[in-house]
1. Within the stretch B:340-358, is there a residue that is free of Cβ contacts under 8 Å to residues at least 40 places away in the same chain and not aromatic (Phe, Trp, Tyr)?
2. Taking into account only those residues within the stretch B:224-243 that are without any contact (Cβ under 8 Å) to a residue 24 or more places away in the chain and within 14 Å of ligand 1 (Cβ to nearest atom), which is farthest from the other protein chains (Cβ to nearest Cβ)?
3. Could you run through the stretch B:157-190 and say how many residues are over 29 Å from B:Leu202 (Cα atoms), within 16 Å of ligand 2 (Cβ to nearest atom) and open to solvent by 30 Å² or more (accessible area, probe 1.4 Å)?
4. Can you name the helices (runs of 4 or more DSSP H) wholly within the stretch B:210-325 that have at least 2 residues being basic (Lys, Arg)?
5. Does the stretch B:391-414 contain any residue that is away from chain A (no Cβ under 14 Å), more than 20 Å from B:Ala9 (Cβ to Cβ) and open to solvent by 40 Å² or more (accessible area, probe 1.4 Å)?
6. Answer yes or no as to whether A:Ser180 is at pLDDT 80 or above, outside the structural domain of A:Gly65 (by TED's automatic domain parsing) and hydroxyl-bearing (Ser, Thr, Tyr).
7. When you scan the stretch B:206-225, do you find a residue that is closer than 30 Å to B:Tyr70 by Cα, within 14 Å of ligand 2 (Cβ to nearest atom) and small (Gly, Ala, Ser), even just one?
8. B:Lys85: of a type in the set (D, E, K, R) and farther than 24 Å from B:Leu134 by Cβ, yes or no?
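The values are calculated or read from the model by the stated rules, or taken from the named source; none is laboratory data. Remember, predicted model here, so these are calculated numbers, not experimental data. Heads up, the Cβs are rebuilt from the backbone with ideal geometry, glycines too, and the neighbour counts pull from every protein chain shown. Each accessible area value is taken on the protein alone, full model and side chains, heavy atoms only, with ligands, DNA and RNA left out. Shrake-Rupley method; radii C 1.70, N 1.55, O 1.52, S 1.80 Å.
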Amino acid sequence: MTKRGTRRFFLGGTLACTVLFVGMTIDSHRQFGRLTHADQITPAVIQGKHVWHRKDCINCHTLLGEGAYYAPDLTKITEHRGTAYLQAFLKDPSKFYTEARDRRLMPNPKLTDAEIDEVIAFLGWVSKIDNQGWPPRPILVSGAAIPGTNVGAPAPHAASNEPSEQGEALFRTSPPGCFSCHSVSPGVNLAGPSLADIGERAGTRVKSPDYHGQATDAAGYIRESILHPSAYLVPGATYSAGGRSFMPDNFGTLLKAEQVDQLVAYLRTLQNSQ
Amino acid sequence: MRYRSQAVAYPYFAVALLLFGLQVAFGLLAAAKYLGPDPLLNVLPFDRVKEIHTNLLIVWVLTGFMGASYYLVPEESGAELWSPKLAYIALVVWVLMGLTAVIGYAFGWTEGNKLLEQPFPLKLVIVAVMLMFLANLLLTIRRAGRWTTTEAVLVAGLIFTALLYLPALLTFDNYTVSIFYRWWTVHLWVEGVWEMIQGALLAYLLIRLSGVDREVLEKWLYVIVGLTFISGIIGTAHHYYWVGVPQYWLPIGGFFSALEPLVFLGMAMYAYYAMRRSGLRHPNQLAIHWTIGSAVFSALGAGLLGLAHTWPAVNRWTHGTLITPMHGHAAFFGAYVMIVLAMITYALPGLTGRDETRLEGPVGIWAFWLMVGGMFGMTMAFATAGIAQTYLERIIGLGFLETQHKIQVHFLMLLATGLLFALGVALFLWDFFLGRGRPLPVPATEPRLAETAT
Ligand code: HEM
Ligand SMILES: [Fe+2]
């Protein structure tokens with residue numbers, strides 16, 4: 001090939017690829033609205049995006065897998081943690097994590113209440129972007145060490161139509177993301193208490209004097225815990241504040257009635273003597 | 001050095017190297033924070049250290065490109081620089097911008113958009129300096145009335161660098177769209193127009209160091225640059241896979257970005273060809289080390305390690321893990337750090353009035369091997385950490401914090417190899433500022449006066 005020939009290769013190839021690239025860009029703009037639910041970009045979401053940038057969250061965290069690798073990915077965080085939890089966490093991360101235990105601690109971002117709500121709105125919008133199903137399996141902020149816990153077990157497919165099996169699969173699916181706050185191993189407390197023996201604990205709890213909820217039996221207690229988390233508060237500073245549980249209170253609308261039944265059926269099988 | 005105004009390159013190189021030293025210091029600090037606990041948590045948290053680290057990298061590499069261009073363009077065009085004074089003014093503005101940015105970041109003045117954190121007023125200053133720089137080069141070429149292919153590729157790369165910075169000035173309410181255009185700057189720089197710059201500097205150095213036929217090298221330069229754009233433009237899509245774009249970007253982006261390593265293979269072959277033809281007997285062995293080193297290390301860091309995670313089916317699992325900095329470090333070092341250091345070591349004897357045919361001392365060679373060895377070790381540390389993280393966090397499903405705890409040993413290795421690297425940098429700086437790089441009081445060779453200066 002001559003120098004003229006190679007120059008032609010360079011110019012022609014570059015031109016062709018630029019045309020294709022620009023074409024795909026234009027087409028993407030036609031689809032962005034639908035893929036990102038652009039109609040849900042409210043003023044709060046936009047403000048939240050500014051908070052995200054201004055406070056430099058991106059240089060510790062990844063979002064949509066982009067950013068820095070010092071802190072957990074937050075793409076689906078609002079699926080794993082409810083608003084109440086996130087509000088409390090963002091007010092003071094050191095209430096939930098310590099350098100001594102977790103090695104890393106998020107410095108207090110010093111946000112106003114309004115900024116906190118905005119950044120949560122922004123993260124909520126991000127979690128719904130249609131991004132080819134990434135991450136392929138949930139990324140947890142914190143989960144117990146492997147042996148004995150089911151935190152890591154994949155399989156959001158139920159082995160049978162048995163309600164308790166269906167419930168177990170649902171428990172490990174995101175949303176609702178129960179597994180990101182609850183382990184089913186004894187003593188392994190994450191953002192929520194371990195549910196290792198909840199089937200048993202529920203029965204004794206409804207009979208204890210400090211229980212003032214509506215339930216009268218174990219199944220009723222578990223159902224109430226899912227639908228109205230604040231009806232009874234498990235003691236613990238990182239579980240609730242001001243009489244309000246950090247567990248999301250929208251499972252009543254997020255889940256179908258039969259799905260709640262399945263979760264109850266599954267959790268009832270969790271007994272101490274396993 | 002054939003033209004007096006090439007001396008403008010010297011202060012640019014000096015500034016570049018000082019910022020390089022600072023960049024590495026902040027890098028070590030960041031690695032220490034990975035190990036934790038962090039005594040500076042509330043004074044200088046990780047995010048600020050990290051953005052100072054990456055911004056210093058970009059600024060000093062650009063400073064190095066500018067210095068290299070001020071050295072190369074007069075020589076290739078055969079004319080004095082249009083205005084050395086403008087070049088000095090631009091440097092002062094540039095340094096002030098850089099220092100303001102670093103101090104601002106330390107106190108939280110940031111736009112918090114990865115790699116493009118520069119607050120808007122500083123972005124405008126960056127554009128202004130680039131315009132001063134480009135005007136100076138273009139007016140030099142116009143006055144000389146001639147240019148070479150190597151030079152044209154270099155200058156075109158610089159012009160597009162400036163143009164592609166413009167999307168960084170825009171903001172979008174839709175996060176996906178803002179990510180989309182962020183990569184027009186970041187990806188199309190490092191895997192597009194900067195490769196043009198690297199290719200051109202490589203061609204220039206190989207021509208000078210090996211005396212190989214210019215026509216042949218420049219012919220292949222077109223092939224290298226052609227491959228760069230054929231693979232690299234659509235290759236932008238390897239950053240689009242999971243951010244909310246239409247599905248077709250995945251297969252198309254995977255295919256084209258998998259072709260990108262050909263560019264680096266081409267550059268390595270280029271260097272091999274030159275070496276075979278003439279044996280590289282040039283007395284400036286240090287420049288030869290850095291030149292060949294750049295061709296080889298970029299094939300590893302950018303080519304091979306880029307390829308390792310560019311396919312969507314792989315990237316799905318590695319995206320957002322320490323696999324990314326594994327590749328980012330090795331690629332930036334091999335392609336851009338090494339080529340700038342090659343230009344510096346090549347130009348230095350002339351710039352300081354030393355005899356260009358004298359052999360080198362050992363300090364520079366030590367600096368070379370410490371940096372290469374250190375960076376190789378760091379790449380391995382990131383790779384082992386990233387593989388373990390991908391497995392534990394992404395596949396097994398262990399929590400992020402627990403995973404980071406389990407891979408601590410790799411962060412120790414990162415810190416240790418990072419210290420080796422920093423030692424190499426320290427030696428290079430020592431050599432530049434206190435050793436062979438110190439200008440001699442009286443130039444040994446009288447620079448020739450420009451024939452076209454009027
Ligand atoms: C000198 C050339 C290159 C440099 C300086 C470079 C640098 C970088 C940097 C700094 C990142 C991280 C960016 C961020 O997250 O903000 C990155 C990401 C990436 N690079 Fe490169 N790169 C180069 C060439 C290549 C090549 C040739 C390939 C493919 C063959 C490649 C594939 C990738 C991929 C797939 C990612 C995204 C990782 C992820 O986020 O999942 N790179 N590169
Ligand atoms: Fe890229």
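1. Looking through the stretch B:340-358, none of the residues is free of Cβ contacts under 8 Å to residues at least 40 places away in the same chain and not aromatic (Phe, Trp, Tyr).
2. The residue in question is B:Ala237.
3. Residues flagged as over 29 Å from B:Leu202 (Cα atoms), within 16 Å of ligand 2 (Cβ to nearest atom) and open to solvent by 30 Å² or more (accessible area, probe 1.4 Å) within the stretch B:157-190 amount to 1.
4. It comes to B:214-235, B:261-278.
5. yes
6. Taking the combined requirement at face value, the residue satisfies it.
7. So far as the stretch B:206-225 goes, no, none of its residues is closer than 30 Å to B:Tyr70 by Cα, within 14 Å of ligand 2 (Cβ to nearest atom) and small (Gly, Ala, Ser).
8. So B:Lys85 fails the test.
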